[in-house]
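Report on one structure; see the data block that follows.
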Amino acid sequence: MTVKLVGINIFPVKGLGGIALDESDTTARGLQYDRRFMVVDHDHEFVSQREIPKMATVWTELIGSQLEIAAPDQESVCVDVQPRSMPTRAVRVWSSHVQAHTVSAEADAWLSDFLGLDVHLVYMPDSAERLCNTDYAKNNEIVSFADGFPFLITNEASLDDLNQKIVASGSAAVPMNRFRSNLVVSGAAAWAEDGWNEITIGSAVFRAAKPCGRCQVTTTDQATGEVRGPEPLKTLSTFRDGDKGILFGVNLVPVKLGAVKLGDRVILK
């Protein structure tokens, strides 16, 4: 059976709602515009749905050279999708310290009011270089504000198998958006991704760096911001608990930059 690309997603602001695309260019840091923005607290530490599940209900939209940030019953706020000549501040995402641009006092106020926390929106400029984990990325690959790697790929058949187990245990199936992946494929066998090494999609080539360990964000309904209970982690932990965590999906690094589009054949090695 032919393996095809059936989902392309970017999350311009780390932790906020994503955008489904028909096609995208790949860059050294990830899909174009993916996680170049981040929300930080007054200590300049990143905040995410781990602390504030409500972030899931803030959606984003690319409108020309602007990024719109919106939420239910709120006026939206727009910022430049590539802010320039703004003051910088040192911010932290996990163990990485990055010099990031401040973006907009208006966006800071909007997010602080909606999230109920004093926060700021920051942007990773091209001059910032945040390295991937060198235990798995061997060629000084860089990443945006994603947790650790430029790309995350998931497999529809693996989700189907997981959901069969979840439903058999008496709980409700979960959608793929719980896993906030960039690339979604269909046509592969369940869990075949464990054996993938090199992945070609369109004109882009990727290398599998490591399986993705999952956190409690997967238990948050991405439409409502509500934590729905222990699934999918509860069931995943019964058969996908490895030394790198509870596993679903594969982190990728780029081998050759290019473009991907829905329907592209996926060549696996």
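The values are calculated or read from the model by the stated rules, or taken from the named source; none is laboratory data. Computed from a prediction, not measured in an experiment: that's the story for all the values here. All Cβ positions, even for glycine, are placed from backbone atoms using ideal geometry, and neighbour counts span all protein chains on display.
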Only residues that are within 17 Å of Gly213 (Cα to Cα) and either in contact with a Pro (Cβ under 6 Å, 6 or more places away or on another chain) or of a type in the set (A, V, I, L, M) (or both): list them for the stretch 155-173, please. Leu159, Leu162
For the stretch 158-169, does any single residue satisfy the condition of being assigned by TED's automatic domain parsing to the domain that holds Asn251, crowded, with 21+ Cβ neighbours inside 10 Å and assigned to a strand (DSSP E or B)? no
If the Cβ limit is 8 Å and pairs must be 6+ apart or interchain, which residue in the stretch 193-213 that is in a loop (DSSP other than H, G, I, E, B) pairs with which residue that is small (Gly, Ala, Ser) and surrounded by fewer than 18 Cβ atoms within 10 Å (Cβ to Cβ)? Gly202/Gly258; Gly202/Ala259; Ser203/Gly258; Ser203/Ala259
Residue list for the stretch 81-118, filter: more than 17 Å from Val47 (Cα to Cα), surrounded by fewer than 19 Cβ atoms within 10 Å (Cβ to Cβ) and more than 22 Å from the chain's Cα centre (by Cα): Arg84, Ser85, Met86, Pro87, Thr88, Ala105, Glu106
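Kindly indicate the residue of the stretch 256-269 that is of a type in the set (Val, Ile, Thr) and surrounded by 15 or more Cβ atoms within 10 Å (Cβ to Cβ) and also nearest to Glu23 (Cα to Cα) among those meeting that condition.
Our first condition is that a residue be of a type in the set (Val, Ile, Thr); within the stretch 256-269, this holds for 260, 266-267.
Next cut, surrounded by 15 or more Cβ atoms within 10 Å (Cβ to Cβ) only: 260, 266.
Values: Val260: 6, Val266: 14 Å.
That would be Val260.
Just give me the residues in the stretch 189-206 being within 19 Å of Phe248 (Cβ to Cβ) and not β-branched (Val, Ile, Thr), in sequence order. Lay out the reasoning, then the answer.
So the first thing to find is which residues in the stretch 189-206 are within 19 Å of Phe248 (Cβ to Cβ), and the list is 189-197, 199, 206.
Within the stretch 189-206, Ala189, Ala190, Trp191, Ala192, Glu193, Asp194, Gly195, Trp196, Asn197, Phe206 qualify.
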Wholly within the stretch 1-61, which strands (runs of 3 or more DSSP E) include no fewer than the required count, namely at least 1 residues that are aliphatic (A, V, I, L, M) and at pLDDT 95 or above? 4-10, 37-41
